[in-house]
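These notes concern the structure reproduced below.
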Amino acid sequence: MDTLLQQIDATAAYLRQFNYDQARVGIVLGTGLGELVQHIQVEKSIPYHEIPHFPESTVESHTGQLIYGRIGNVKVIAMQGRFHYYEGYTMQQITFPIRVMKALGIQRLLLSNAAGGMNPAFKKGDLVLLDDHISLQPESPLRGLNAPAFGPRFPDMSCPYDKELSALLQQTAEASGRPLKKGVYVSVMGPNLETRAEYRFLRMIGADMVGMSTVPEVIVANQVQLPCAAVSVITDECDPDNLHPVSIEEIIAVAGKADQHLSNIFAAVVQQLG
Ligand code: HPA
């Protein structure tokens with residue numbers, strides 16, 4: 001079997017045929033957060049299952065596509081939909097697209113996700129800038145053989161979210177009249193949501209919101225020295241003393257309502273990265 005490095009090279013070579021290597025910004029769009037695509041002048045869109053070495057799709061990821069286009073004058077690659085660990089992929093598989101985007105030459109990475117809000121100041125529909133994270137997923141995407149070309153074996157994580165890019169997101173949100181809140185995101189394996197006792201525990205260890213994605217991608221972005229920033233949409237309020245049942249349909253519906261605002265912010269930020 002090809003090594004991971006050979007697979008990245010092959011996938012990047014495939015995407016280069018369609019000019020994906022001209023992109024300077026990469027974007028990963030979370031659950032229910034696809035509206036940004038309306039801001040993109042799409043030049044090419046490839047379903048994940050057609051891209052060499054991309055993971056075989058599951059139900060959740062099968063509608064995913066990798067988009068190349070421009071927002072204003074800035075060329076972007078956008079992942080409409082991402083791969084999650086709970087779908088059964090390995091950590092290397094779910095972070096493979098990040099390594100490919102880096103190989104294609106992107107210089108900044110923006111990520112979004114849907115998350116449960118545990119900080120009592122967070123309300124449904126709020127947009128929260130990730131200030132830091134806690135990984136409670138079962139393993140690191142960096143486990144296993146490490147090619148020196150990837151970057152350090154033991155990457156520093158003292159500042160996982162790029163300060164300048166995060167400040168630009170905040171300034172842009174403020175200019176729109178709705179500043180972002182800030183918080184610590186904890187990533188869990190899922191796919192089940194949490195019990196009351198688990199929300200209590202996650203809050204106690206210092207997290208403001210909880211979700212099932214983003215952290216593996218951010219760890220890899222840090223290893224390959226790709227500055228990144230991320231925003232959560234709060235889709236449910238997780239107060240252990242007043243917890244209501246929540247369904248994935250409700251989560252997607254709440255994400256959908258906040259999507260336009262988040263997409264406006266991402267689009268405005270991308271244009272300032274030109
Ligand atoms: N827990 C975990 N992941 C989530 C949640 C939650 O409450 N809401 C949205 N994604």
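Just so it is clear, none of the values below were taken in a lab; they were calculated from the coordinates. What you see is a predicted model, and the numbers here were worked out from it, not measured in a lab. As a convention, Cβ positions derive from the backbone with ideal geometry for all residues, glycine included, and neighbour counts pool all protein chains shown.
Within the stretch 151-190, the set of residues being under 22 Å from D259 (Cα atoms), within 16 Å of the ligand (Cβ to nearest atom) and of a type in the set (A, V, I, L, M) comprises V184, V186. Scanning the stretch 80-131 for residues that are at positive phi and more than 14 Å from the ligand (Cβ to nearest atom) turns up G81, G88, G105. Taken as a whole, the condition of being within 16 Å of I234 (Cα to Cα), within 13 Å of the ligand (Cβ to nearest atom) and surrounded by fewer than 21 Cβ atoms within 10 Å (Cβ to Cβ) applies to L193.
For the stretch 246-274, give me each residue that is part of a loop (DSSP other than H, G, I, E, B) and polar (S, T, N, Q).
First pass over the stretch 246-274, keeping only residues part of a loop (DSSP other than H, G, I, E, B): 246-247, 273-274.
Passing the criteria: only S247.
Assess whether L168 counts as being part of a helix (DSSP H, G or I) and either surrounded by 16 or more Cβ atoms within 10 Å (Cβ to Cβ) or touching a helix residue (DSSP H, G or I) at 6+ places or on another chain (Cβ under 7 Å) (or both).
Working: part of a helix (DSSP H, G or I): yes; either surrounded by 16 or more Cβ atoms within 10 Å (Cβ to Cβ) or touching a helix residue (DSSP H, G or I) at 6+ places or on another chain (Cβ under 7 Å) (or both): yes.
Yes: the conditions hold for L168.
For the stretch 131-152, the set of residues classified as basic (K, R) and within 19 Å of P191 (Cα to Cα) is empty.
Step by step: first the residues of the stretch 222-245, then only those that are in a helix (DSSP H, G or I) and under 27 Å from L168 (Cα atoms), then the one that is farthest from the ligand (Cβ to nearest atom). Which residue is that? Once the filter is applied, the top-ranked residue is Q223.
When G117 is tested against (1) touching a Cys at 6+ places or on another chain (Cβ under 9 Å); (2) over 30 Å from K182 (Cβ atoms), only condition (2) is not met.
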